[in-house]
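Below is one structure, written out as structure tokens; comments come after it.
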Amino acid sequence: MKHFQNYTAYLQHWLFKAIRKTAMDKARGRCEICQQPASEVHHKQYPKPWGAFDVPANLQPICHACHCRIEGKTS
């Protein structure tokens, strides 16, 4: 298991990118909430211990607007 300095470093790792692509491909690039094009993935649960890698089933492809609503952000 590899640990990362921060979340950005984790997101830039080639293995996370491959897992993210698998999740996006499974959703056919569509937001699982509103069916608009997905641009992001939402972690259903963060991997524990932090630094462990996700699995595609833990990533929910969504659009930015839906991600903001889930996270309680305005934009």
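The values are calculated or read from the model by the stated rules, or taken from the named source; none is laboratory data. These figures come from a predicted structure and were not determined experimentally. Every residue, glycine as well, gets a Cβ built from its backbone with ideal geometry; the counts of neighbours run over all protein chains shown. Side chains are part of the model used for accessible areas, which takes the heavy atoms of the whole protein and leaves out ligands, DNA and RNA. Shrake-Rupley method; radii C 1.70, N 1.55, O 1.52, S 1.80 Å.
If you filter the chain for trypsin sites (Lys or Arg not before Pro), then keep DSSP loop positions with at most 15 other Cβ within 10 Å, what is left?
Details: sites: LYS2, LYS17, ARG20, LYS21, LYS26, ARG28, ARG30, LYS44, ARG69, LYS73; in loops: LYS2, ARG28, LYS44, LYS73.
Those that pass, being in a loop and sparsely packed, are LYS2, ARG28, LYS44, LYS73.
For the chain, the longest principal axis of the C-alpha atoms and the axis of helix 14-26 are separated by about 30°. Between ILE19, ILE62, ILE33, the residue with the greatest mean-square fluctuation in the GNM of the chain (Cα pairs under 10 Å linked by springs) is ILE33. Loop-located chymotrypsin sites (Phe, Trp or Tyr not before Pro) in the chain (DSSP state not H, G, I, E or B) with no more than 15 neighbouring Cβ atoms inside 10 Å: PHE4, PHE53. Sorted largest first by accessible area at a 1.4 angstrom probe radius, with every protein chain in place, the residues SER75, SER39 fall in the order SER75, SER39. Taking the protein heavy atoms of the chain in the context of the full set of protein chains, the accessible area attributed to carbon and sulfur is 54 percent at 1.4 Å. Gain on full extension, evaluated as 0.36 nm per residue between ALA9 and ASN58 minus their Cα-Cα distance, stands at 15.8 nm. Taking every C-alpha pair closer than 8 Å and separated by at least 6 residues, the mean separation divided by the residue count of the chain gives a relative contact order of 32 percent. Total lysine pairs in the chain at Cα distances under 18 Å, for residues eight or more apart or on different chains: 7. Computed with every protein chain present, the accessible area of GLU40 is close to 40 Å² [probe 1.4 Å].
Note on exposure: CYS34, CYS68 ranked by accessible area (1.4 Å probe, complete protein assembly) read CYS34, CYS68, with the most exposed listed first. In the chain, the C-alpha radius of gyration followed by the widest Cα-Cα span (Dmax) gives 12.4, 35 angstrom.
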